[in-house]
Amino acid sequence: MTDITLHGVSKTYDMDPVVRDLTLHVPAGTMFGLLGPSGCGKTTILRMIAGLLEPDCGDIAFDGVSVLSVPTERRRIGMVFQQHVLFPHMTVEENVGFGLRMQGVKLRQARPRIDEVLELVQLGGYNRRFPGQLSGGQQQRVALARAVVTDPVVLLLDEPLSNLDARLRDDMRVLIRDVQRRLGITTIFVTHDQAEAIELSDRMVVLFEGEAAQEGPPEEVFERPVSSRVARFLGSTNLIPVQVPVYPEEGWVDAPFGRVAVCCGGYAGGSVPRELLLSVRCEHISLHGEDSPGTVGSDGINTFHGRVLDSVFKGGLIFYRVDLEGFPVDVIDRSDRQFVPGARVVVQLPEQHLWVMPAVEYDGGPV
Amino acid sequence: MRRVSVTGRLFLVVMLLAFAFPFLPLLVASFSFRWHWPALLPTQWLWDARETTPFPVGWDYLFSPISGLGPAFLNTVVIGVVTALLAVVLSLPAARVLARYTFRGKGVVEFFLLVPVIVPQIAVGMGMLLLFMRIGIARTYVGIILAHLVPAIPYAVRILTSVFQNLDPRYEEQARTLGSGWLSTFRRIVLPMVLPGVTTAFLFSFLISANIFLLTFLISGGRLQTLPTMLFSHIESGAPLDATTAGLVLIVSVPGLVFLMISDWLTGDHAALGRTSFGSRSKKERP
Ligand SMILES: Nc1ncnc2c1ncn2[C@@H]1O[C@H](COP(=O)(O)OP(=O)(O)OP(=O)(O)O)[C@@H](O)[C@H]1O
Ligand SMILES: [Mg+2]
């Protein structure tokens, strides 16, 4: 098991800073998610860890030992590129066996292992095909097989599942997770998919313009974003402008639709700004029919009356937009019953999932 | 094999005729003993005149030992192959750098690579002759090959630069992440992928070398004959198109044709790489 440390790493491409003073610790044996908008430097970071790109300054260490002077081919990594590059002149099995061959294993001896890995990515029997004869998703799985077949100590995955359909993606997620757990490979993966980040990662980091905005376990990052920018980027969150009441009362804020009880906030100590943002994830809000009183929390705290504006059924979930006294709130509901547009509902905001943060971000430093 | 439409086939036939046409009179001339204007065909064929001439003419002369065709042919091929090999080997790293990296003075390097093509060969040749005489390699194979490299390398570098521009550097990076050092990456990844381009560069360099008259003539001082120098000596000394010269012209075209076929075979369906019709297709498949 290998832990990875980036210390004050920066990279500039012709005057354009792409990664800025990045410090990250990836604990040994964890699955680490890298999230951020397009162009924020995710690939650049992976390439520096792989040794394909040299940082301008800072240090990268595996197990506390700097690897900056170790060439890529001796870093014992496995990498799946964003544009998975299979060698076009080699068959699938030659591609997958390439890393083993570099370790001195003959193709003949490597074959059982190759078959096993191909079976894992559900491509058993494709040994003799050439990359040009595979679909995009199949190519991606071969690239994945090729990266893990050598039992690397560090696995770098740049959106390894982007070309797969939902079912295969689930299968491959399980596969990556399995391989990673079984071998304890420290894995860093880039993804745009929230579900993937939540399901796969032990820890994750959100990056903006080459800077780490927030790092932590995925539940924490998703539920307690440090800034509205992080919250907006992660999406599926309601950001409700709230104010501290004129006569402040501990744990209460004023939302456009009424007074809300909150238990925690993401602002550092000192004076609490008056303008705040209340963040609540769409799936944490629950809806109840107005005619079924018993279901609502008995004390009635954080319950509001609203009207369904829109409802869409998608993939076992119902996406609602609910009007709360003129303020629209998005809700994702898992239950069977579906409210039709126009229906009156009771909306409950669970206190333990509410999170307040400053409405305006000040420049520099985490908020 | 895909079927070609009728118009397509017609077009191909016309093209073939157009290319083959200049060779036809040469072929006829090489078998003629007397062929005066305006006769459409020779008035006397070679085989009719064989008994009456005291010296062998045309093909008979060319294939007799006194013509020196054999050594000239061998010289052309040996010098051509060595020149082409050296040109490709020397141009590969240069082309890779020119295609992949930007550096100070890159424009200057690119310009100087073109100079031998722009400057008249006689100037280049005289300069080299003076230098070679001083260091004692004038009139040697080494000298001639060095001289041939001067016009060959710019073309090889040009061709290989565009080959490397089309080769995604990520293939090499991916190989390195799989534990492959630079030598094995070059041998197992780069070389197979650029082989069609390398073959083209080799062929071009060979053809350039095989067609050089002036530089060979200058450096060898007429001591060492290649097919072009032999041909030129015939042209200046005789009628424009006697049977011997016509035959010689045909022979001069042989190495080119042979190499064209070899390269076609190397990069075509027969080659190991051809299994995936690699090269033409792989570029498009790259996302
Ligand atoms: N070789 C390069 N030369 C100059 N600029 C580059 C180079 N490679 C990347 N960049 C720039 O660096 C920035 C970060 O690129 P990077 O590929 O790391 O983004 P990313 O986070 O992986 O984005 P995506 O999610 O779209 O893949 C981009 O603005 C890009 O334009
Ligand atoms: Mg990227």
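Mind telling me which of the residues B:GLY80, B:GLY70 ends up being in a helix (DSSP H, G or I), open to solvent by less than 90 Å² (accessible area, probe 1.4 Å) and out of contact with any helix residue (DSSP H, G or I) (no Cβ under 6 Å at 6 or more places or on another chain)? Step through it out loud before you land on a result.
Working: B:GLY80 fails: out of contact with any helix residue (DSSP H, G or I) (no Cβ under 6 Å at 6 or more places or on another chain).
Being in a helix (DSSP H, G or I), open to solvent by less than 90 Å² (accessible area, probe 1.4 Å) and out of contact with any helix residue (DSSP H, G or I) (no Cβ under 6 Å at 6 or more places or on another chain) holds for just one of B:GLY80, B:GLY70, which is B:GLY70.
Those residues that are among the β-branched types (Val, Ile, Thr) and more than 16 Å from ligand 2 (Cβ to nearest atom), I need them from region A:82-98; list them, please.
Initial filter on region A:82-98 (among the β-branched types (Val, Ile, Thr)): A:85, A:91-92, A:96.
Result: A:THR91, A:VAL92, A:VAL96.
Does A:THR44 satisfy being within 16 Å of ligand 1 (Cβ to nearest atom) and of a type in the set (Ser, Thr, Tyr)?
Yes: the conditions hold for A:THR44.
Mind checking whether some residue in region A:268-276 is crowded, with 19+ Cβ neighbours inside 10 Å, modelled with pLDDT under 85 and either over 24 Å from A:VAL226 (Cβ atoms) or touching a strand residue (DSSP E or B) at 6+ places or on another chain (Cβ under 8 Å) (or both)?
Taking every residue of region A:268-276 in turn, at least one turns out to be crowded, with 19+ Cβ neighbours inside 10 Å, modelled with pLDDT under 85 and either over 24 Å from A:VAL226 (Cβ atoms) or touching a strand residue (DSSP E or B) at 6+ places or on another chain (Cβ under 8 Å) (or both).
Restricting attention to region A:2-37, which residues are within 16 Å of ligand 2 (Cβ to nearest atom), open to solvent by 10 Å² or more (accessible area, probe 1.4 Å) and either outside any strand (DSSP E or B) or not assigned by TED's automatic domain parsing to the domain that holds A:LEU157 (or both)?
Selection gives A:PRO37 alone.
Touching a residue at least 24 places away in the same chain (Cβ under 8 Å) and either open to solvent by 10 Å² or more (accessible area, probe 1.4 Å) or within 16 Å of ligand 2 (Cβ to nearest atom) (or both): is that true of A:LEU156 in this structure?
Working: touching a residue at least 24 places away in the same chain (Cβ under 8 Å): yes; either open to solvent by 10 Å² or more (accessible area, probe 1.4 Å) or within 16 Å of ligand 2 (Cβ to nearest atom) (or both): yes.
So A:LEU156 passes the test.
Hey, among the residues in region A:76-109 that are of a type in the set (S, T, N, Q) and touching an Asp or Glu at 6+ places or on another chain (Cβ under 9 Å), which one's modelled with the lowest pLDDT?
Of everything passing the filter in region A:76-109, A:GLN83 is modelled with the lowest pLDDT.
Is at least one residue of region A:162-170 within 13 Å of chain B (Cβ to nearest Cβ), modelled with pLDDT under 85 and open to solvent by 30 Å² or more (accessible area, probe 1.4 Å)?
Yes, some residue in region A:162-170 is within 13 Å of chain B (Cβ to nearest Cβ), modelled with pLDDT under 85 and open to solvent by 30 Å² or more (accessible area, probe 1.4 Å).
Report, by residue number, each residue of region A:51-93 that is touching a residue at least 60 places away in the same chain (Cβ under 8 Å) and away from ligand 1 (no atom under 16 Å from the Cβ).
The answer is A:PHE62, A:ASP63, A:GLY64, A:ARG75, A:ARG76, A:ILE77, A:GLY78, A:LEU86.
Take the residues in region A:183-223 that are assigned to a helix (DSSP H, G or I) and within 18 Å of A:MET172 (Cβ to Cβ); name whichever of them is most open to solvent (accessible area, probe 1.4 Å).
Residue satisfying both the conditions and the ranking: A:GLU199.
Given the residues B:TRP47, B:TRP59, which is the only one that is at pLDDT below 90, in a helix (DSSP H, G or I) and within 31 Å of the chain's Cα centre (by Cα)? Quick ask: steps written out before the conclusion?
On the way: B:TRP47 fails: within 31 Å of the chain's Cα centre (by Cα).
Of the residues listed, the single one that is at pLDDT below 90, in a helix (DSSP H, G or I) and within 31 Å of the chain's Cα centre (by Cα) is B:TRP59.
Name every residue in region B:1-60 that is basic (Lys, Arg) and surrounded by 10 or more Cβ atoms within 10 Å (Cβ to Cβ), in order of residue number. Before you say what the answer is, go through the steps one by one.
Residues of region B:1-60 basic (Lys, Arg): B:2-3, B:9, B:34, B:50.
Passing the criteria: B:ARG9, B:ARG34, B:ARG50.
For (1) within 16 Å of ligand 2 (Cβ to nearest atom); (2) within 14 Å of chain B (Cβ to nearest Cβ); (3) not β-branched (Val, Ile, Thr), each residue gets a yes or a no:
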position	(1), (2), (3)
A:ILE188	yes, yes, no
A:ASP193	yes, no, yes
A:GLU196	yes, no, yes
A:LEU200	no, no, yes
A:VAL205	yes, no, no
A:ALA213	no, no, yes
A:GLU223	no, no, yes
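Identify, by number, the condition in (1) within 8 Å of chain B (Cβ to nearest Cβ); (2) out of contact with any Pro (no Cβ under 7 Å at 6 or more places or on another chain) that A:GLY78 doesn't meet.
(2)
(1) within 14 Å of chain B (Cβ to nearest Cβ); (2) within 16 Å of ligand 1 (Cβ to nearest atom): which one isn't true of A:ARG20, the others all being true?
Against the list (1) within 14 Å of chain B (Cβ to nearest Cβ); (2) within 16 Å of ligand 1 (Cβ to nearest atom), A:ARG20 comes up short only on (1).
Checking the structure you have, find out if any residue of region B:186-206 is without any contact (Cβ under 8 Å) to a residue 40 or more places away in the chain, among the aromatic types (Phe, Trp, Tyr) and within 14 Å of chain A (Cβ to nearest Cβ).
yes
With respect to B:ARG188, is the statement that it is among the basic types (Lys, Arg) and within 21 Å of B:VAL89 (Cβ to Cβ) true?
Against the criterion (among the basic types (Lys, Arg) and within 21 Å of B:VAL89 (Cβ to Cβ)), B:ARG188 qualifies.
The values are calculated or read from the model by the stated rules, or taken from the named source; none is laboratory data. Everything numeric here is computed off the predicted structure, so don't read it as measured data. Note that each Cβ is placed from the backbone with ideal geometry, even for glycine, and that neighbours are counted across all protein chains shown. We work out accessible area using only protein heavy atoms, side chains counted, and drop any ligands, DNA or RNA first. Shrake-Rupley method; radii C 1.70, N 1.55, O 1.52, S 1.80 Å.
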